[in-house]
Amino acid sequence: MDATAHVATDMLWSMQGIVHSTTAIVTHPTKPFFIVAGQGGVLQTWDLLTHALMQTHQLASPTPITCMAFSHDGTILALGSALGVVRLCREGNCEHIADFRPVKQVDVMNPTVDK
């Protein structure tokens with residue numbers, strides 16, 4: 001049984017040990033686990049088959065993660081924060097790859113020059 005079918009047939013099990021309010025959740029595209037993001041910048045990796053907590057990772061910034069997505073092959077995890085920052089990290093250890101921050105928007109039809 002693949003991970004998706006397993007989740008569909010066993011959706012009512014509860015996760016004991018969620019540290020903070022859940023703000024985002026993502027399933028891995030090829031492996032049987034999912035990641036839960038919490039209010040305080042905590043990422044928890046859960047095994048879909050055993051329902052066990054596999055690992056917990058505390059991000060350097062406690063900014064709430066509001067969305068997450070894996071690359072098609074599952075090697076890169078993208079984390080979107082409440083402040084508009086997108087962080088790319090490696091699957092498994094969440095090793096930092098890059099951050100993308102919002103820039104000031106400029107109205108191209110009516111640009112202003114700072115003096």
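The values are calculated or read from the model by the stated rules, or taken from the named source; none is laboratory data. Remember, predicted model here, so these are calculated numbers, not experimental data. Positions of Cβ are generated from backbone atoms using ideal geometry, with glycine treated the same way; all protein chains shown enter the neighbour counts.
Things to note:
- Residues of segment 95-115 that are modelled with pLDDT of 85 or more and either of a type in the set (A, V, I, L, M) or in contact with a strand residue (DSSP E or B) (Cβ under 7 Å, 6 or more places away or on another chain) (or both): Glu95, His96, Ile97, Ala98, Asp99, Phe100.
- Among the residues making up segment 83-106, those that are touching a Gly at 6+ places or on another chain (Cβ under 7 Å) and either in a strand (DSSP E or B) or under 14 Å from Leu43 (Cβ atoms) (or both) are Val86, Glu91.
- Met68 being among the aliphatic types (A, V, I, L, M), closer than 17 Å to Thr22 by Cβ and touching a residue at least 40 places away in the same chain (Cβ under 8 Å): yes
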